[in-house]
Amino acid sequence: MSDNGRPFDFGQFGGASASGNAPSPAGASGSANPFGAVGADGADRNVYGGSTPAGFGTGMAVGGGHYDGASALLRPTNAPVVWLYTAVATSIIAMLVALMLGSTAAFAIGAWILAGPIAIALVAVFSIQDTRARTAALYSSSGFVSWLYRGAIVLSLIAVVISALKIADWVGRI
């Protein structure tokens, strides 16, 4: 197989050879648009059916929608403190139940469950939601959020200890 001095001449494989009939950038239809053809009005047609009179079009289909090049409105994201407020309220309720009704085993165990697994689960949900919120473009957090987080943990710990002492007192009297 000889290359005739032209190493990039692949005309023998069915394409155009370098002897003057090289393919044009306009494609087979004569259009300057490599992705479409010329419409009846003389404008290039893109693959989405719209016309692109000069250069790139004004919009393009993206993920099933239409992107017009404008930026989306950025909204600051805040820490989801409602979960911390709920954890604090749960711990306070558990503390009050343990102190007032803790001599009954069912109330002491209920207060322990409320202050322990439930309050800590609420703090965990806050942590997960806050981590998601921090991935936003604009995240706004106040200084009190870290103190509220610490307060929720401390109140939960105090309520767990109080209810555990009430449970131990009840078990000791059996």
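No lab work stands behind these numbers, since they all come straight from the coordinates. If you're wondering where the values come from, they're calculated on a predicted model, not measured in any experiment. Glycine gets a Cβ as well: all are built from the backbone with ideal geometry, and neighbour counts include every protein chain shown.
Tabulated data for the structure shown
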read-out	value
Amide H contacts of residue 77 (H built 1.01 Å from N, under 5 Å, at least 5 apart or other chain)	138, 139, 140
Added length on full extension, which subtracts the Cα-Cα distance from 0.36 nm per residue, residue 73 to residue 134	20.2 nm
Computed label-point distance, nm, for sites residue 144 and residue 89 using a 7 Å Cα→Cβ extension	1.6 nm
Coarse-grained scattering of segment 101-174 at q = 0.12, 0.16, 0.25 Å⁻¹, given as base-10 log I(q)/I(0) from a Debye sum over alpha-carbon atoms	-0.45, -0.64, -1.05
Extension gain (nm, one decimal) between residue 171 and residue 158, 0.36 nm per residue minus Cα-Cα	2.7 nm
